[in-house]
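The values are calculated or read from the model by the stated rules, or taken from the named source; none is laboratory data. What you see is a predicted model, and the numbers here were worked out from it, not measured in a lab. No Cβ is skipped: glycine too gets one built from the backbone with ideal geometry, and neighbour counts run over all protein chains shown.
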Amino acid sequence: MRYLVLSDIHANIDALDAVLEAAPPGSYDGAVVLGDLVGYGAEPNLVVDRVRALSPVAIVRGNHDKVAAGLESAEGFNPTAQRSAAWTRDALSRETREYLVALPEGPRVLDDLVEICHGSPVDEDTYIFGELDAAEALAASRRRVCLFGHTHLPTTAALDASRSLEVLFHRAHGDQRVTFSDGRRYLANPGSVGQPRDGDPRAAFAVFDTEALAIHIQRVEYPVEQARDRILAAGLPKPLAIRLMHGR
């Protein structure tokens, strides 16, 4: 089984369309979406329409999805994110809002090998940034491989039988391919489709091959200026447009 792994699209339709062009039907068997379809970007309804058309084999909600759907307040967001969340709530169609409300909570077991979550197997909103976070997440995971998002940073970490943690890469630039070995448990973050924050403005996604036991994290160019201009034209906070240009 080859899973197309998408995370943190954040209403960036230009980035998502570039990813779907780079990974056309036939290059994977099913899509997996790790949350935060909306927030920050200017096209939440179009992005949700594209995701729905993929008929994902599994999907979980992100924190921005919850806030936009009215399931949670934006109290914990910074002021720029709060403004974005308020704009997004007003921009959602009824159909999009209902879809976001119905998104399942993570973590979620996908099959005998894979578990997915937005933040961490510990909690859907927990960030995995450091080695302690990674060790706790691997201990809590119910499957050998846990695919996660939320940080917007392409990352892979492994825990061996002696419970020794190895961070294989973090904030990786460019394409990365990792083959998983027996006797180890893995965390893998594909990075962000629509809001990269590793200094590389290109959209990030991954394909995970369960037979080869390998994940290929990839980057693709997209019209960043177009996404920037959409944000500015929508009246969203200017920093959200500027950061796209730098992948920060």
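Being crowded, with 21+ Cβ neighbours inside 10 Å and farther than 18 Å from residue 82 by Cβ is the filter; apply it to the stretch 231-248 and report the residue that is modelled with the highest pLDDT.
For the stretch 231-248, the residue satisfying everything is 244.
Just one of (1) of a type outside the set (Asp, Glu); (2) under 16 Å from the mean Cα position of the chain (by Cα); (3) more than 20 Å from residue 154 (Cβ to Cβ); (4) in a helix (DSSP H, G or I) trips up residue 82, so point out which.
Of everything listed in (1) of a type outside the set (Asp, Glu); (2) under 16 Å from the mean Cα position of the chain (by Cα); (3) more than 20 Å from residue 154 (Cβ to Cβ); (4) in a helix (DSSP H, G or I), residue 82 misses just condition (2).
Within the stretch 14-37, which residues are closer than 25 Å to residue 119 by Cβ, surrounded by fewer than 24 Cβ atoms within 10 Å (Cβ to Cβ) and without any contact (Cβ under 8 Å) to a residue 40 or more places away in the chain?
Of everything in the stretch 14-37, those that are closer than 25 Å to residue 119 by Cβ, surrounded by fewer than 24 Cβ atoms within 10 Å (Cβ to Cβ) and without any contact (Cβ under 8 Å) to a residue 40 or more places away in the chain turn out to be 20, 30, 31.
Please verify whether the stretch 125-139 includes one or more residues that are outside any strand (DSSP E or B), aromatic (Phe, Trp, Tyr) and either buried (at least 17 other Cβ atoms within 10 Å of the Cβ) or without any contact (Cβ under 8 Å) to a residue 40 or more places away in the chain (or both).
Taking every residue of the stretch 125-139 in turn, at least one turns out to be outside any strand (DSSP E or B), aromatic (Phe, Trp, Tyr) and either buried (at least 17 other Cβ atoms within 10 Å of the Cβ) or without any contact (Cβ under 8 Å) to a residue 40 or more places away in the chain (or both).
Given the residues 36, 17, which is the only one that is out of contact with any strand residue (DSSP E or B) (no Cβ under 7 Å at 6 or more places or on another chain), among the acidic types (Asp, Glu) and under 19 Å from residue 240 (Cα atoms)?
36
Against the definition (modelled with pLDDT of 95 or more, surrounded by fewer than 16 Cβ atoms within 10 Å (Cβ to Cβ) and under 21 Å from residue 87 (Cβ atoms)), how does residue 195 come out, yes or no? First the steps, then the outcome.
On the way: modelled with pLDDT of 95 or more: yes; surrounded by fewer than 16 Cβ atoms within 10 Å (Cβ to Cβ): no; under 21 Å from residue 87 (Cβ atoms): yes.
The answer is no for residue 195.
Can you tell me which residues in the stretch 216-248 are in contact (Cβ under 8 Å) with a residue 60 or more places away in the chain and part of a strand (DSSP E or B)?
217, 218, 220
Give 163, 177, 171 a once-over and let me know the one that is at pLDDT below 95 and in contact with a His (Cβ under 7 Å, 6 or more places away or on another chain). Outline the logic, then answer.
Working: 163 fails: in contact with a His (Cβ under 7 Å, 6 or more places away or on another chain); 171 fails: in contact with a His (Cβ under 7 Å, 6 or more places away or on another chain).
Answer to the selection: 177.
Name the residues in the stretch 51-68 that are farther than 19 Å from residue 123 by Cα, surrounded by 18 or more Cβ atoms within 10 Å (Cβ to Cβ) and in contact with a helix residue (DSSP H, G or I) (Cβ under 7 Å, 6 or more places away or on another chain), would you?
Hit for the stretch 51-68 is 68, nothing else.
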